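Asker: Just passing along the structure, written as structure tokens.
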Amino acid sequence: MPDSESFMRYALKKLLTACAWAGQALTRLWHAVTPVPHEQSRRTYQTCFQAEVPCQGDAFDFRVTIHELWTRPGESEALELAVSERIKAQHMVLERQLRNVSRRFQPEAAADFERAANAEIRSARFPGDLALDCSYSVHAAPDAEFHQHLRNAEIKRIEAHAEHARKEQHLDHLELMRKRWVAFLGQFDGDPLGSLAAQLVGDPGLADAIEKRTSEQERHKDELRKLCDTATEAYRDKDVFDFVSSTDSALSRLLRHLGIESASGPGGGPATGGSDAMNGVEMPGR
């Protein structure tokens with residue numbers, strides 16, 4: 001009997017293996033003829049609308065453009081039908097929400113209003129169709145009249161800034177030219193060849209200016225020379241006291257006109273005609 005039992009166990013094992021193989025084959029065949037259905041892809045529908053919502057104080061409005069992205073699984077026709085049934089009512093809801101946000105902002109704060117609107121109004125779901133979804137993007141701009149006011153103010157600011165920069169540049173140029181002219185003209189001060197050098201440079205106006213200054217200096221020198229000659233002649237007819245009284249005032253005025261500091265006399269006072277010598281002639285009594 002041991003041989004008979006061993007044969008039965010062996011036959012049963014083979015039968016179980018054959019059944020398992022047959023089951024796997026049937027399963028693969030079933031999957032081949034009846035594939036598992038895939039999830040339906042979502043269809044999209046894009047649209048936008050515009051609205052005007054009041055700013056804080058209701059004096060001006062924000063111009064708003066709302067971009068909508070509607071999505072729903074299934075066919076495109078079914079999505080468009082669902083949108084057409086709900087879009088007008090949904091626009092009214094959106095405008096009410098936007099007005100609640102817009103009245104918190106001044107007319108010049110369009111950017112702040114846009115950020116707040118996009119943060120508070122992002123998407124909508126619909127209880128009657130849970131598969132339908134709509135996302136929003138809000139773009140805001142100032143009121144047309146207020147926008148023109150801002151534009152004019154900005155143009156004036158830019159023009160004022162440009163004018164300020166132009167004046168500063170002009171003043172810097174004048175300062176530079178002043179320093180260069182002072183240094184340049186200083187080279188010709190008292191130079192008898194200055195006028196000729198300016199003519200060779202090719203600037204008649206510069207030559208005339210240097211010639212005029214040179215002539216004025218020569219005139220002052222001639223006046224001083226004549227005064228000294230007159231003082232010398234006075235030695236012959238007047239004593240020292242009379243000479244000082246008649247010439248000291250004239251000499252002082254001439255020295256001040258020429259910009260020459262008079263030497264200090266004894267005790268810190270200004271020197272007078274009582275100096276040791278005048279025009280190379282020694283004073284009497286020395």
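Asker: Just to be sure I understand, how many residues within region 106-117 are among the hydrophobic types (A, V, I, L, M, F, W, C), buried (at least 17 other Cβ atoms within 10 Å of the Cβ) and in contact with a strand residue (DSSP E or B) (Cβ under 8 Å, 6 or more places away or on another chain)?
Answerer: 3
Asker: Can you pull out the strands (runs of 3 or more DSSP E) entirely within region 37-151 that have at least 3 residues that are within 39 Å of the chain's Cα centre (by Cα)?
Answerer: Answer list for region 37-151: 42-54, 61-73, 129-141.
Asker: To continue, here is another question. Does Ser195 fit the bill of being out of contact with any strand residue (DSSP E or B) (no Cβ under 6 Å at 6 or more places or on another chain), surrounded by 15 or more Cβ atoms within 10 Å (Cβ to Cβ) and either farther than 30 Å from Pro54 by Cβ or at pLDDT 80 or above (or both)?
Answerer: In short, yes.
Asker: Which of the following residues is without any contact (Cβ under 8 Å) to a residue 40 or more places away in the chain and under 30 Å from Glu68 (Cβ atoms): Arg166, Arg103, Arg122?
Answerer: Working: Arg166 fails: under 30 Å from Glu68 (Cβ atoms); Arg103 fails: without any contact (Cβ under 8 Å) to a residue 40 or more places away in the chain.
Matching residue, one of Arg166, Arg103, Arg122: Arg122.
Asker: Take the conditions under 32 Å from the mean Cα position of the chain (by Cα), surrounded by 12 or more Cβ atoms within 10 Å (Cβ to Cβ) and part of a helix (DSSP H, G or I) and apply them to His164. Does it pass?
Answerer: no
The values are calculated or read from the model by the stated rules, or taken from the named source; none is laboratory data. Keep in mind that this is a model prediction, so the values were computed, not measured. Virtual Cβ from ideal backbone geometry, glycine too; neighbours counted across all protein chains shown.
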